[in-house]
Number of protein chains: 2
Amino acid sequence: MKGVPSRSKLTIEDVARAAGVSRSTVSRVINNLPGASGPVRERVRGVVAELGFVPDQTARGLASGRPRAVDVVAVTPAPADGWMGTHPYFSRVLVGVTSVLDPLDVQVHVHQVTPDDATRMLDALAAKATVGAVLAEVTPDLAARFHRRCRRVVSLVATAAPVPAIEVDNIGGAAAAVEHLHRLGRRRIAAVHGPDDNACAIDRRAGYARAVAAFGLPEIGDVGDFRREHAYRAAHRILARDPAVDAMFVACDLMAAGVVQAVTATGRRVPQDVSVVGFDDSIAAVCANPPLTTMRVPVEQMAAAATRLLLQDTVPAGHRQRFPVELVLRQSAG
Amino acid sequence: MKGVPSRSKLTIEDVARAAGVSRSTVSRVINNLPGASGPVRERVRGVVAELGFVPDQTARGLASGRPRAVDVVAVTPAPADGWMGTHPYFSRVLVGVTSVLDPLDVQVHVHQVTPDDATRMLDALAAKATVGAVLAEVTPDLAARFHRRCRRVVSLVATAAPVPAIEVDNIGGAAAAVEHLHRLGRRRIAAVHGPDDNACAIDRRAGYARAVAAFGLPEIGDVGDFRREHAYRAAHRILARDPAVDAMFVACDLMAAGVVQAVTATGRRVPQDVSVVGFDDSIAAVCANPPLTTMRVPVEQMAAAATRLLLQDTVPAGHRQRFPVELVLRQSAG
DNA sequence: TTGAAAGCGCTAACAA
DNA sequence: TTGTTAGCGCTTTCAA
């Protein structure tokens, strides 16, 4: 009879009694602090698991003088006001995090930071982290630096080896997109890439390159910065340079929406003249005209997984968890 | 010398001492509970203001056995999984609320509820509210019912008279949109309305009706439900019934994106053949093809204002605060 | 109407 | 390595 976790009450005191130790010892164990022998640690963990004890976050916050919170951080150039709120990717991250924190008594703190003060900000966060940080968009070097100062961190993008990360198969996804385009009979498949310093963008670019190479197709491309306007211009450049392009693989849906705008602006039809495949399956995909065929990334679930990882008493260094990407067919291709 | 609020410390004890009363009395005053005479109440409030005292939310949560939180609630039919995360409107609400709660130690709880269990859920929330509820999308009757059981509530849509609300000039905004279309020379301006039970939709519809009437133009329209797919079909119906329509006013950008898709699907060009104006200025507006001319609604700021209202010790019944809507010119019209 | 006192569940010295 | 003892800042009986 394991039974219901019997919410409501069940304090550290109960655990202490059941384990035959003091509250301090239990506290040390659940906080992963030194000062508890192996065997005792084991026993306490066992009791915690058996009883289904969940420490009261409010009490921890009061006692430690620092309320419990998860920090969501994104390093982006010149964020417009309220940007994170409207952004197709970040808003999904927020919801994923919120969804798992909701029943617990943990807050969410959002930090949108420019590259300039990224180092300073991250150091500050690392110093006062409680539950930990979800890195929604942080470069590998910065992530590694953070991880050196605080182990309670998970990245949502590919990152430095020791930093725990929740990933998606960007390379495979990009390749699958190209394969889909090839299956459709497209033979001049261009790409609009994301920024060079972004791990996702790099991988999606690699996947594209690998796939076109495998098909013996030419590699045609331009670089953007994950923003629609840049992608719009990039698509124009590509079409001007190579008017025979008959398909475009784009690094994210927001950019793809811009690409579709550019393609139709040149008088070409999507998908008849140029097929377009995006990445993410965000709201931008269904708002584009025509709606985008895209590679779905389960952002909310990934963010939720990252948050659950932070909630554990210890976040294993180098942890990796990979989510699948999946082709979603709409009208822009196929 | 008012000086800095001197964060860090400053407890209820300090206030009590400065006011020459006990902590209990201060607590009663800041919680707006009975058991404090008028004069004392005045004095304490004065000291609180002068000292810039801000009660520790974590401590309140622990002591009262109920962690402090703001509940964001939206009643919507059959929400898709993760819907709120991707939704152009709700994600902005979330960010607005989060932005003001971030520095405080208050949580955000998101409740997306279907009409079926709306009453039950809202009653439950009203019974255990702490900071209060932000009604992102709740019908007037339900809002009124909530307000009867708990005064700590603010609606983001027009609602029953006693319920405090943060509003936007939907009627004027819709009229302005039609005026813009008229200025462009459009004379057969159709409308795709939002759902009949939504206050915003009703007002926007009224604004449209008023404006076309003022111009002596025909009223042409169809009803949707704030979803893109419905608007897509509604636009097709309108065009089938009345092929000479040369403009469409749409109740929200998400729907407008669908309208643009429908219009171009019939072989018409936007804006040359049919101009389209949306409402909200959400991410959907820039992803549409062509990008949407729309009426900007400052959702984040409204949600922030609502949250700040809840943070006050008392939320005045019938409170109204109105934000402006503003025409944003893009390519779909003008 | 007011105040005194006992916690809320946990962390963090300090002893042992 | 472990336990004891104070609180963290506030709410909430219970007396006065």
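Of the trypsin sites (Lys or Arg not before Pro) found in the range A:94-174, no site is in coil according to DSSP while having at most 14 other Cβ atoms within 10 Å of its Cβ. Largest first, the three principal axis extents of the alpha carbons in the range A:149-192 are 51, 16, 12 Å in whole numbers.
Which value in Å does the Kirkwood hydrodynamic radius of the range B:31-80 take, with 1/r averaged over all unlike C-alpha pairs and then inverted?
Working: mean 1/r = 0.0701 Å⁻¹.
It is 14.3 Å.
Sorted from shortest to longest, the distances between the B:Pro77 label points of this copy and the other copies are 4.5 nm, with each point 7 Å from Cα along the line through the beta carbon.
Shape analysis of the range B:283-334 places it in the prolate category; the axes a ≥ b ≥ c from the Cα gyration tensor give an a/c of at least 1.5, with a/b above b/c.
Please state the shape class of the range A:74-171: rounded when a/c is under 1.5, otherwise prolate if a/b exceeds b/c and oblate if not, all from the C-alpha gyration tensor. Taking the square roots of the gyration eigenvalues as a ≥ b ≥ c, the range A:74-171 is rounded. Rg and Dmax of the range A:208-252, both derived from C-alpha coordinates alone, stand at 11.0, 31 Å.
Annotation: cysteines of the protein assembly as shown without a disulfide-compatible partner (Cβ-Cβ under 4.7 angstrom) are A:Cys150, A:Cys200, A:Cys252, B:Cys150, B:Cys200, B:Cys252. The three principal axes of the Cα atoms in the protein assembly as shown give end-to-end lengths of 75, 64, 58 Å, sorted in falling order. Phi-derived couplings, Karplus 6.51 cos²θ - 1.76 cosθ + 1.60 at θ = phi - 60°, listed residue by residue for the range A:99-114: 4, 8, 7, 3, x, 7, 10, 10, 8, 10, 10, 9, 10, 9, 10, 8 Hz, with x used for Gly and Pro. Within the range A:202-328, the percentage of alpha carbon pairs spaced more than 25 angstrom apart rounds to 32%.
Kindly identify the range B:7-64 as rounded, prolate or oblate by the Cα gyration tensor criterion: order the square roots of the eigenvalues as a ≥ b ≥ c, call it rounded if a/c is under 1.5, otherwise compare a/b with b/c, prolate if a/b is larger, else oblate. Here the range B:7-64 falls in the oblate category. Residues whose amide H comes within less than 5 Å of that of B:Ser155, counting only those at least five positions distant or on another chain, are B:Leu135, B:Ala165, B:Ile166 (H built at 1.01 Å from N in the peptide plane).
When A:Arg320, B:Arg60 are arranged by Cβ crowding within 10 Å, least crowded first, meaning fewest neighbours, the order is A:Arg320, B:Arg60. Close amide-amide hydrogen proximity is noted between B:Val72 and B:His109, B:Val110, B:His111, B:Val134, each under 5 Å apart and 5 or more residues distant or on a separate chain (H modeled in the peptide plane; Pro and chain starts excluded). Once backbone amide H atoms are built at 1.01 Å from N, A:Val276 has A:Met248, A:Ala333 as its partners under 5 Å, excluding neighbours fewer than 5 places away on the same chain. Within the listed set A:Val315, A:Val299, A:Val72, the Gaussian network model of chain A (springs between alpha-carbon atoms below 10 Å) gives the highest mean-square fluctuation for A:Val315. Taking the Cα atoms only, what angle lies between the long axis of helix B:38-51 and the longest principal axis of chain B, rounded to 10 degrees? Helix B:38-51 and the main axis of chain B meet at about 70 degrees. Measure nothing but the geometry: give the 0 to 90° angle between the long axis through the Cα atoms of A:253-265 and the longest principal axis through the Cα atoms of chain A, rounded to 10°. Orientation of helix A:253-265: about 10 degrees from the principal axis. Ranked from shortest, the separations from the 7 Å Cα-to-Cβ label point of A:Arg233 to its equivalents in the other copies are 4.2 nm.
Counted over chain A with a bin width of 10 Å, the fraction of Cα pairs per bin, in whole percents, is 6, 24, 27, 19, 13, 8, 3, 0.
With each run of n ≥ 4 DSSP H residues scored as -39500 (n - 2.57), what mean residue ellipticity at 222 nm is computed for the protein assembly as shown after dividing by its residue count and rounding to the nearest 500 deg cm²/dmol?
Details: 28 runs with 308 residues, N = 668.
Counting only the DSSP helices, I get -14000 deg cm²/dmol.
Among A:Asp253, B:Asp14, the ranking by other beta carbons within 10 Å of each residue's beta carbon, starting with the fewest, stands as B:Asp14, A:Asp253. Near A:Pro162, once Lys and Arg are set to +1 and Asp and Glu to -1 for all other residues with Cβ below 10 Å from its Cβ, the sum equals +2. Using only Cα atoms and rounding to the nearest 10 degrees, what angle (0 to 90) does helix B:199-215 make with the longest principal axis of chain B? Helix B:199-215 sits at roughly 40 degrees to that axis.
Going by how many other beta carbons lie within 10 Å of each one, how would you line up B:Met248, B:Met302, fewest first? Before the final figure, lay out each step's value.
Details: B:Met248 34, B:Met302 25.
Arranged by neighbour count, lowest to highest, B:Met248, B:Met302 become B:Met302, B:Met248.
How large is Rg over Rh for the range A:140-281, taking Rg from the Cα atoms and Rh as the Kirkwood inverse mean of 1/r across Cα pairs? It would help to have the intermediate numbers written out before the result.
Numbers: Rg = 16.2 Å, Rh = 15.5 Å.
My calculation puts Rg/Rh at 1.05.
With its label point defined 7 Å out from Cα along the Cα-to-Cβ axis, B:Glu42 lies at 7.0 nm from the matching points of the other copies, in increasing order. Leaving out same-chain residues fewer than 8 places away, which aspartates and glutamates sit with a Cα under 12 Å from that of B:Lys128? Of all the aspartates and glutamates, those that pass the test against B:Lys128 - Cα under 12 Å, at least 8 places apart if same chain - are B:Asp71.
Residues in the range B:289-306 carry Karplus couplings, in order, of 10, x, x, 8, 6, 7, 9, 6, 10, x, 4, 4, 5, 5, 5, 5, 4, 4 Hz; the curve used is 6.51 cos²θ - 1.76 cosθ + 1.60 with θ = phi - 60°, and Gly or Pro positions show x.
Each value in this text was obtained by applying a stated rule to the coordinates, not by laboratory testing. Not measured: the values here are computed from a predicted model. Here Cβ is always computed from backbone atoms with ideal geometry, including for glycine, and neighbour counts include all displayed protein chains.
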